[in-house]
Structure formats: C-alpha cells, structure tokens
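Colleague: Here's a structure for you.
The values are calculated or read from the model by the stated rules, or taken from the named source; none is laboratory data. These numbers come from a predicted model, not from an experiment. Don't worry about glycine lacking a Cβ; one is built from the backbone with ideal geometry, like all the others, and counts go over all protein chains shown.
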Ligand SMILES: Cc1cc2nc3c(=O)[nH]c(=O)nc-3n(C[C@H](O)[C@H](O)[C@H](O)COP(=O)(O)OP(=O)(O)OC[C@H]3O[C@@H](n4cnc5c(N)ncnc54)[C@H](O)[C@@H]3O)c2cc1C
Ligand SMILES: Nc1ncnc2c1ncn2[C@@H]1O[C@H](COP(=O)(O)O)[C@@H](O)[C@H]1O
C-alpha cells in the first residue's frame, strides 16, 4: 500500500511551481490591520528557513502607502491592486482578485489574519482555488523533512491541539488570530519590489452594495496591543463594579476586558471579550477578577507571562493556570489594591529601602 | 419562500474533558447537541416562513445519530429534514465537507424547489473553522454574508434583502440580491418556544435520507483521501502549573500583590 503522504513525480513537479510566502495585508480605509504585520514577521522567519521570499498583498482603492510598512516588517515584494471597486471590502470581488493573483504568482504558503474580514475571505479563496485552509492557527513551523508547513491549532474549544498539514495542494493556506504573533520590524528594511496588477471587475458586476456602515463607539479595540490586561467575570457582580477593573487597568498602563458571561450580562462590550469566541491575548500581565476559568476563556489568555487571579472559590479552574492565586472577594480586594498602588506611586522610594 | 439551513451536530465542547495521561479527549457521556448558532439560523428561517409563507428545509452531513439534531430543528419549526450520510464522506476536511453539502443541497433543490435563502452557523463549536458556509456559497457562486446580525426588508418580488453584518469596526448594512448565503451570529434573534402543534408535526415528520446512491457525487472530491488538509498529530495543550497561593488578610494580600505589580505601574 502506498503511503498517503508520498508524492508521485508528477505531484512533486506540480508543487515545485509554487514558491514564496504571501501575507494578505488587510486594510480598512487605507489603514492596515496590525495582524498583517504580525504575519509578515512570522512569514519572514519561515521564509528564511525555506530560503524563499516574502510577498505582501494588498487590495483596495488607495493602498500604495502600505508598501513601505510591509517592507519594514520584512516583505521582499508588494503585490498591489488599486481600483475604485475595492474601496470597501466585499467578499466576491476581493475573492476573485486575490484568487487571480495566486493563480498567476503561485505562492507556496499564504497567511491571512483571522479577523472578520480575513475569515470571510480565506474560506472563499481556498474554495475557489480548491486548496486546504487551516483556521485560527497558533503555531507555524516548517517540517525539516518535507518543507511542508505544519500548522497547529486548538480544537474542541481549546481542549485539544491539532497539527495540520496540506501536503499535496498549494498554496498551503492558514489564518492566524490577531495577537498570536508579535510584529517586529526588520533591522534593515529593503526597498522591495512593487508589483501592480489590474482586474477587469466593474461595479455593475458586483451585486452586493454597502448601504451603511456603523462604527461602534467601542471601535475595534485590539487587546493584543496591551502588555497588561485586567479582566473581570460574572463574579464582579454588576456593571458598576467594572469601574474598579478599569481603574486598575489604567494604573498599570493597560486595558480592561471580560469573560463571555460578563459580556452576556452587559458588564463588558463584546469587543473586549477574551477567549475562544473573543480575542486571544498574550499579555505580560493578565489579572482575572471573578472569572472561573472555563476552557473557552483559558484558551484566550493562558499564554500570558504572569497571570494573577482573584476568586472566592479556591477550586476555580482559573487558578490552575495562574502564577499567583488570590482566594478572596474581588470586590473587597481590588479597591484595596488600587489604593495600595496609588500609594506606591506617590512614594516610589518606599519600596526600594 | 424557501430557506435551506445547514446544521451540524456537535459534541458539547464545554463538557469535553481531556485525559492528560493519554492525551486524548474524554467523550464518553458528553452529549451531542445542535451547534448553537444553527438554532438561531433555523429560528430566522422559520420567522420568515411565518411572515411570508413557504417552507424551511434543513440538511446535515453526518452519521445516522445526527438525525437527533435534525429532529430538534423540526421541532423548532422546520418543515423538512435531510440527512446526508455515507461512508465516502468519512474524514472530510472543510473543502470536502463543503463539496458534499453543495451536492446534497443541489439534490434538495431538485426535490424541493429553488432556494431563496441559505443559512449556516457562524462556526461549529467542535472544529471552529467558520469555513464551511463560505465554501458552499462559493461553490454555488451566490453572494455571501458572514456574521449576520440582522435581516430586514426581505423582498421576494424584487429578490433582495437588507443584511446587517458584524465587521472589525462595528457593523455594515448590505443590500444583497437573493438567493444569498448567510452565516449567522447568536445575536441575530432570540430563540422562541415552539408551539405544541409544531412539536406534534415534527414527531410525525420522516427524515429524508441522502447518500451516494441518490446524490450525484464525484468520489474524487470526497472524504479523507481527497481532503487537502490532514491531521499530522493531535495532542493536549501543555498544562500550566498552578502557581503560588498568596495568603493573609485583604490588606496583606493587596500589599503583597502591589509589590508584584510595581514593575508594571504606569509612570506619569
Ligand atoms: C462555544 C462556546 C464559546 C465560548 N467562548 C467563550 C469566550 O470566548 N470567552 C469566555 O470567557 N467564555 C466563553 N464561553 C463561556 C465559558 O464556557 C464560561 O461560561 C465563561 O467563561 C464563564 O464566565 P465567568 O468566569 O465570568 O463566569 P462563571 O463561570 O459564572 O464564574 C464566575 C466566577 O466568579 C467567582 N466569584 C463570584 N463572586 C466573586 C467575588 N466577589 N470575588 C471573586 N470571585 C468571585 C466564582 O467563584 C466563579 O468562579 C464559551 C462557551 C461556549 C459553549
Ligand atoms: N457536516 C455538516 N453538515 C451540515 N452543516 C455543516 C456541517 N459542517 C459545518 N456545517 C455548517 O457550517 C457552519 C460552520 O462550520 P465550521 O466550518 O465547521 O465551523 C456550521 O455552523 C454549520 O451551519
């Protein structure tokens, strides 16, 4: 019986046509989404292992200025389609334009942010290209034996990790959530190559029309930006008590967030939810107040460096991932901690004595 | 009006536990449920039927046990339920799954008539890929609206609807021609309790069976063998160790904690 993973000569030849790693530079109104730079940093690392180049791809009405930023984060090439029909993101024209680019230039690996836009786009592009797509990966490595991309992702709400490969089809596509990788500018950015392409997509071919856009007052808070996150759960009891969460976060130069139950109860907007159906964070410090630590919450925060948890229940699962466990009433403890910290701020020398 | 809803039966992910010794999931005793997003998809379709007349059909690809999830949809008001079940589908990834469901849906259209609105959940809670819906929509080449939060002004004469979807920055409202494909958020609607007559009707409704015998399938696109992605390995995530438990009165605890936090204090 032939091994499933063994390639025939013909298959090898077909695969050898594909080279380089691409990153989709997602933008809204000309502003790039931070995840694009996180992915470029990762792509650079993988490309150096494979000995290939990194291509950044952007589609929009006016996106030329993103080339420089892409080069700064390690791109060698910037592929660009700039046309009026791409002013706003719409699935079908973006799908067709992007699939066209992939067919023409044949990247071996294609990384896209797992944002609402990226998830909408990647599924349609992968289907159009009839290739594999691995969603929400948290780890990307090159298999030294085959050169294949090994994509690791959580499943079953984070209870299990699976490493996925796409051995016979190209490009090997995957989406990555914002905040999973860090964006690091390269030391000596190149003046890369800019490759312009055109489509013949016209507005009257696009059946979907955007009538209204509402930017929510909360906007799109990207929790991944913050080194410090103070999060509250159902245990905070009410919305007013979140003022102490906010105050503590501000004192520590961070931001505030919540569990899904806190969101459901209206204590916290959905845009600040941490976890499986919210955002993933890798902060330096994560303080969990009145959060039980359900697996769906833990997958979103358990890779933070220091985790401090405050919970009245000694057995709360959140303690199993915590660096410091505080079995106490958060409503009593947090205000005390705040005044303690304010004092520290006023007399910083006190502690060094 | 004819709405077709793609539904999936999933293990209740919140009850799945891990055996850290063997690195496997403990699935015994974990109930199989209707993927939560699909309950809202069915709810929306049934609401439209109540308003405009017509019918709601549901379909799933899965093992025979998935009939349970189909029955739940019937008792939520769906009129017809199809189970697409065949050995050739075993081990399908999302590309192969969307292919199978596309062919299954084409068969349903042949039997039940043209579809105006296709619905799927935003994502399945076991795999969490959110790819199956976009995959089917692409195969039908019809407009896709993901993260649906609101559907209004559904006009079956003009064949269009207004769909509000979630975006990275807030929301956007789209005018979409029908037929269109929607993947839905839980916030789309509130689930209602089915009236007794629906439950009685549901109990009497037979589940229709589809397989490679009555659906036109290209076997070269089905199952594990023809899935581009393969699971190389599965393992349990590294478990963090429980750290130090701080002790003392609230005052002592906050003092101890504030010392840990000094390096993080915002300087201004
Ligand atoms: C498909 C799916 C996806 C999900 N996605 C997410 C997600 O993205 N993010 C998420 O967070 N959850 C998610 N959940 C929900 C998750 O399973 C939990 O229900 C949720 O995380 C619980 O939130 P909580 O810890 O705030 O509330 P609870 O579990 O109710 O815990 C409250 C905790 O507060 C403690 N407490 C009470 N009073 C006090 C006090 N005064 N001081 C200190 N402690 C106190 C209690 O001991 C308890 O441990 C998901 C669930 C499903 C099924
Ligand atoms: N086997 C299946 N049968 C029917 N519908 C499915 C199946 N798998 C996925 N879906 C639909 O596609 C959605 C997204 O699933 P997933 O891509 O697995 O996250 C689900 O919420 C369902 O509506």
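Colleague: Please go through (1) in contact with a helix residue (DSSP H, G or I) (Cβ under 8 Å, 6 or more places away or on another chain); (2) more than 17 Å from residue B:65 (Cα to Cα); (3) more than 9 Å from chain A (Cβ to nearest Cβ); (4) more than 8 Å from ligand 2 (Cβ to nearest atom) for residue B:75 and return the number of the only condition it doesn't satisfy.
Modeller: (2)
Colleague: Which residue pairs have Cβ atoms closer than 9 Å, lie 6 or more positions apart in sequence or on different chains, and pair a first residue in the stretch B:117-135 that is on the phi > 0 side of the Ramachandran plot with a second residue that is within 6 Å of ligand 2 (Cβ to nearest atom) and in a loop (DSSP other than H, G, I, E, B)?
Modeller: Note: pairs meeting the criteria are B:130/B:123; B:130/B:124.
Colleague: Does residue B:232 count as away from ligand 2 (no atom under 16 Å from the Cβ), facing chain A (nearest Cβ under 8 Å) and out of contact with any helix residue (DSSP H, G or I) (no Cβ under 6 Å at 6 or more places or on another chain)?
Modeller: So residue B:232 fits the description; yes.
Colleague: Which pairs have Cβ atoms under 8 Å, sit 6 or more apart or on different chains, and link a residue in the stretch B:172-192 that is in a helix (DSSP H, G or I) to one that is away from ligand 1 (no atom under 16 Å from the Cβ)?
Modeller: Short answer, once both residue conditions are applied: B:187/B:149; B:188/B:43; B:188/B:44; B:188/B:148; B:188/B:149; B:188/B:150; B:188/B:151.
Colleague: Inside the stretch A:263-289, can you point out the residues that are in contact with a helix residue (DSSP H, G or I) (Cβ under 6 Å, 6 or more places away or on another chain) and within 16 Å of ligand 2 (Cβ to nearest atom)?
Modeller: Of everything in the stretch A:263-289, just one residue is in contact with a helix residue (DSSP H, G or I) (Cβ under 6 Å, 6 or more places away or on another chain) and within 16 Å of ligand 2 (Cβ to nearest atom), namely A:276.
Colleague: Output the strands (runs of 3 or more DSSP E) that fall wholly within the stretch A:142-251 and possess 1 or more residues being loosely packed, with under 14 Cβ neighbours inside 10 Å, or say none.
Modeller: Result: A:193-196, A:209-215.
Colleague: Okay, next question. Which of the following residues is within 18 Å of the chain's Cα centre (by Cα), under 17 Å from residue B:183 (Cβ atoms), modelled with pLDDT of 95 or more and crowded, with 16+ Cβ neighbours inside 10 Å: B:72, B:44?
Modeller: Of B:72, B:44, the one residue that is within 18 Å of the chain's Cα centre (by Cα), under 17 Å from residue B:183 (Cβ atoms), modelled with pLDDT of 95 or more and crowded, with 16+ Cβ neighbours inside 10 Å is B:44.
Colleague: I've got another one for you. Of the conditions (1) more than 22 Å from residue B:254 (Cα to Cα); (2) in contact with a strand residue (DSSP E or B) (Cβ under 6 Å, 6 or more places away or on another chain), residue A:308 clears all except one; give me its number.
Modeller: (1)
Colleague: What number goes with the only condition from (1) at pLDDT below 95; (2) at the interface with another protein chain (Cβ under 8 Å from one of its Cβ atoms); (3) crowded, with 23+ Cβ neighbours inside 10 Å that residue B:137 does not pass?
Modeller: (1)
Colleague: Further question on the same structure: Limited to the stretch A:8-29, what total is found for residues that are surrounded by fewer than 18 Cβ atoms within 10 Å (Cβ to Cβ) and in contact with a strand residue (DSSP E or B) (Cβ under 8 Å, 6 or more places away or on another chain)?
Modeller: Total meeting the criteria: 0.
Colleague: State the number of residues belonging to the stretch A:105-141 that are facing another protein chain (nearest Cβ under 8 Å) and not in a helix (DSSP H, G or I).
Modeller: 8
Colleague: Which one of the conditions (1) over 30 Å from residue A:287 (Cβ atoms); (2) within 14 Å of chain A (Cβ to nearest Cβ); (3) at pLDDT 95 or above does residue B:224 fail to meet, given that it meets all the rest?
Modeller: It is condition (3) that residue B:224 fails.
Colleague: Residues in the stretch A:152-185 that are within 16 Å of ligand 2 (Cβ to nearest atom) and closer than 28 Å to residue A:104 by Cβ: how many?
Modeller: 4
Colleague: Only one of these conditions is not met by residue B:262: (1) farther than 30 Å from residue A:321 by Cα; (2) over 24 Å from the mean Cα position of the chain (by Cα). Which number is it?
Modeller: So residue B:262 meets the others, but not (1).
Colleague: Would you list the strands (runs of 3 or more DSSP E) that sit entirely within the stretch B:1-111 and hold 1 or more residues that are more than 16 Å from ligand 1 (Cβ to nearest atom)?
Modeller: Strands (runs of 3 or more DSSP E) meeting the threshold: B:2-6, B:17-19, B:24-26, B:55-61, B:80-84.
Colleague: Looking at the stretch A:296-317, which of its residues are within 7 Å of ligand 1 (Cβ to nearest atom) and either at pLDDT below 90 or crowded, with 23+ Cβ neighbours inside 10 Å (or both)?
Modeller: A:296, A:297, A:300, A:310, A:311
Colleague: Could you tell me whether residue B:33 is free of Cβ contacts under 8 Å to residues at least 12 places away in the same chain and either over 30 Å from residue B:189 (Cβ atoms) or surrounded by fewer than 23 Cβ atoms within 10 Å (Cβ to Cβ) (or both)?
Modeller: No: the conditions fail for residue B:33.
Colleague: Based on this model, can you work out whether residue A:265 counts as under 19 Å from residue A:279 (Cβ atoms) and away from ligand 1 (no atom under 14 Å from the Cβ)?
Modeller: no
Colleague: Give the stretch B:149-171 a look and list any residue that's assigned to a strand (DSSP E or B) and in contact (Cβ under 8 Å) with a residue 60 or more places away in the chain, or say none.
Modeller: Listed by number, the residues that qualify are B:151, B:154.
Colleague: Restricting attention to helices (runs of 4 or more DSSP H) lying wholly within the stretch A:253-353, give those where 1 or more residues are within 30 Å of residue B:171 (Cβ to Cβ) and more than 9 Å from chain B (Cβ to nearest Cβ).
Modeller: Here the list reads A:260-264, A:295-298.
Colleague: Follow-up question, since we're still on this one. Going through the stretch B:133-154 one residue at a time, which ones are touching a helix residue (DSSP H, G or I) at 6+ places or on another chain (Cβ under 7 Å), more than 16 Å from ligand 1 (Cβ to nearest atom) and within 15 Å of residue A:116 (Cα to Cα)?
Modeller: B:134, B:144, B:146, B:148, B:149
Colleague: Also: Given B:163, B:194, B:130, B:203, which one is in contact with a helix residue (DSSP H, G or I) (Cβ under 9 Å, 6 or more places away or on another chain) and crowded, with 20+ Cβ neighbours inside 10 Å?
Modeller: After ruling out the rest, the residue left standing is B:130.
Colleague: Here's another thing I want to ask about it. Starting from residues that are touching a strand residue (DSSP E or B) at 6+ places or on another chain (Cβ under 6 Å) and part of a helix (DSSP H, G or I), keep the ones in the stretch B:112-133 and report whichever is nearest to residue B:220 (Cα to Cα).
Modeller: B:133
Colleague: While we're on this one: Kindly indicate whether any position in the stretch A:85-94 is closer than 30 Å to residue B:122 by Cα and away from chain B (no Cβ under 14 Å).
Modeller: Yes, the stretch A:85-94 contains at least one residue that is closer than 30 Å to residue B:122 by Cα and away from chain B (no Cβ under 14 Å).
Colleague: Evaluate the following for residue B:66: is it touching a strand residue (DSSP E or B) at 6+ places or on another chain (Cβ under 8 Å), more than 17 Å from residue B:181 (Cβ to Cβ) and within 11 Å of ligand 2 (Cβ to nearest atom)?
Modeller: yes
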